[in-house]
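The structure under discussion appears below in the form of structure tokens.
The values are calculated or read from the model by the stated rules, or taken from the named source; none is laboratory data. As the structure is a prediction and not an experimental result, all values here were calculated from the model. We place every Cβ from the backbone using ideal geometry, glycine too, and count neighbours over all the protein chains shown.
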Amino acid sequence: MKTKVTGYLTQKHGFYYVVLNLPTDEKGKRNRKTLSTGLSTDRNATKAKALLLTMIREANAGEEVRGVNERQPKSQNKTEDERWNSPWPGMLFSDYLEFWLQWKRKSWEEVTYSGYCQNVRSWIAPYFSARKVRLNEITVLDIEMFYTHEINKRGVSGNTVLHYHANIRKALSDAAKLKLIPYNPAAEVERPKKDNFVASYYSADELMEVLPIFANTKMELPVMLAAFYGLRRSEVIGLQWSAIDFERKIVTISRTFERINVDGKMVDVSKCRTKNKSSFRSLPLIPAVEQALLKAQKRQRQQMKLCGNSYCKEYKDYICVDDMGHLVTPDYVTRVFREMLLKNGFRPIRFHDLRHSCASLLIKNKVTMKEVQMWLGHSSFSTTANIYAHIDVDSKMEAANMIASKISLGELPEKKISQAKNRLGENSVGRTCPPKPTENKSVLSAIWVKSGRQNGRQA
């Protein structure tokens, strides 16, 4: 007599699952098969019981029984747009991510959308697709294994994995809001540690040697603006003539320009705003930069007359253009900067490192961290302090020397040392007891106040 299939309902992460007790195998071992129902435990008990009976009946009839997450949705024959409008709990996590990108696209800026697409389509989705991980079955371990794979197998940085984590957490948070999953497993994932960043930069002497190799080239102004003002690449390329006030000697940083990949097409994104509110800033017009700008403005006007209709008018308001009026693109700036450094035998750094070079010069010339923050347009003081704390060596050495000059036991006569020990107190084993908190307070306060004044910092 053939053994009948039986079964029961169980709950996992807020969803009903069917557990089928299958006939024994050749070795006499009874098998169990767990199948998803796609039904949440919230007011779906009746539907879950009905689905249980259906699955048991199908199994006893000799039919192949599949869970909801294993069944191909009816939207298979629909158009691409229609298919992504019908997410369900048992869909592949990689398919849900594609749905999520299309669903949220209109609410994101193109730069944000481009960044998410790069991470999701290039790395996140392929990993989970290969492992057939489904949306309603993804676990904390699944996500952490992905991060481990990226760090150990592909060798990406912790910072890159943090970007992946932000994407996954946001996508799963939206899935929870849609009731596709009962909770967000990414919220329980241990975040990868952020890599300690040490900025690379040129010294003043190196900059003096490097700047001349870019003279009279398309890279002259981009390099000068980045080196003198610490501008980001997007701020350099987005700078327009209206931002230069030659009468008041002021440069206003208020625009950015980026060229990004959106669904396989290169798109120019020009914004009449900066990265953050603090990035909107006005800076004094440095004489050397002013001369370079006036020369570039004169040449631009001459080229417009000389080339006539052949001259590109689309970017006539921008400063960093070539002789035909075409904008100097971000990729060009990054690539040519490095090429020219290597060609001329200089230590290679990134174009963005000119920003760090500017910051290092300011700090080493006693400009306070707060002032550096305002000059660079950082959103917070902590950002500036964290990036450039290692550069601020001179002020630390001055403070150390100040303390050493005020507290120097080596120069005291032995009698005074003994008297000092007696005042402080010495225990039975010869160890000096710690001084009372108030005894050296005035001395140390004076040291720090004085060192603060000398370093141009607030005490």
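To keep it simple, each residue is scored yes or no on (1) more than 30 Å from Lys277 (Cα to Cα); (2) within 25 Å of the chain's Cα centre (by Cα).
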{"position": "Ala296", "(1), (2)": "no, no"}
{"position": "Arg299", "(1), (2)": "yes, no"}
{"position": "Tyr318", "(1), (2)": "no, no"}
{"position": "Val321", "(1), (2)": "no, no"}
{"position": "His326", "(1), (2)": "no, no"}
{"position": "Gln373", "(1), (2)": "no, yes"}
{"position": "Ser382", "(1), (2)": "no, yes"}
(message) Can you tell me which condition Tyr183 does not meet? The list is (1) touching a residue at least 40 places away in the same chain (Cβ under 8 Å); (2) part of a loop (DSSP other than H, G, I, E, B); (3) of a type outside the set (Lys, Arg); (4) within 30 Å of Pro348 (Cβ to Cβ), and all the others hold.
(response) (4)
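Condition check ((1) at pLDDT 95 or above; (2) of a type in the set (A, V, I, L, M); (3) in contact with a Phe, Trp or Tyr (Cβ under 9 Å, 6 or more places away or on another chain); (4) surrounded by 15 or more Cβ atoms within 10 Å (Cβ to Cβ)) across all residues:
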| residue | (1), (2), (3), (4) |
| --- | --- |
| Thr148 | no, no, no, no |
| Lys153 | no, no, no, no |
| Val156 | no, yes, yes, yes |
| Asn159 | no, no, yes, no |
| Leu162 | no, yes, no, yes |
| Arg169 | yes, no, no, yes |
| Lys177 | no, no, no, no |
| Leu180 | no, yes, yes, yes |
| Tyr183 | no, no, no, no |
(request) Tell me, please, whether a residue that is hydroxyl-bearing (Ser, Thr, Tyr), in contact with a helix residue (DSSP H, G or I) (Cβ under 8 Å, 6 or more places away or on another chain) and assigned by TED's automatic domain parsing to the domain that holds Val328 can be found in region 280-294. (result) no
(request) Give the residues of region 322-369 that are part of a loop (DSSP other than H, G, I, E, B) and without any contact (Cβ under 8 Å) to a residue 60 or more places away in the chain, sorted by residue number. (result) Asp323, Met324, Gly325, His326, Gly345, Pro348, Asn365
(message) Every residue in region 306-321 that is in contact (Cβ under 8 Å) with a residue 40 or more places away in the chain and more than 16 Å from Arg233 (Cβ to Cβ), please.
(response) Asp317
(message) Whether any residue in region 138-156 is in contact with a Pro (Cβ under 6 Å, 6 or more places away or on another chain) and either over 23 Å from Gly38 (Cα atoms) or part of a helix (DSSP H, G or I) (or both) is what I want to check.
(response) yes
(request) Select from region 203-234 the residues that are of a type in the set (Ser, Thr, Tyr) and closer than 22 Å to Gly325 by Cα and list them in ascending order. (result) Thr217, Ser234
(request) Scan region 373-384 and give yes if some residue there is more than 25 Å from Ser242 (Cβ to Cβ), at pLDDT 85 or above and surrounded by 19 or more Cβ atoms within 10 Å (Cβ to Cβ), otherwise no. (result) yes
(message) Going by what's in this entry, would Leu306 be described as touching a helix residue (DSSP H, G or I) at 6+ places or on another chain (Cβ under 7 Å), of a type in the set (A, V, I, L, M) and under 27 Å from Leu294 (Cβ atoms)?
(response) no
(request) Select from region 291-302 the residues that are surrounded by 15 or more Cβ atoms within 10 Å (Cβ to Cβ) and in contact with a strand residue (DSSP E or B) (Cβ under 9 Å, 6 or more places away or on another chain) and list them in ascending order. (result) Leu293, Ala296, Gln300
(request) Kindly indicate whether Gln303 is free of Cβ contacts under 8 Å to residues at least 12 places away in the same chain and in the same structural domain as Leu231 (by TED's automatic domain parsing). (result) no
(message) Filter region 6-55 down to the residues that are part of a loop (DSSP other than H, G, I, E, B) and either at pLDDT 85 or above or within 48 Å of the chain's Cα centre (by Cα) (or both) and list them by number.
(response) His13, Gly14, Thr41, Asp42, Arg43, Asn44
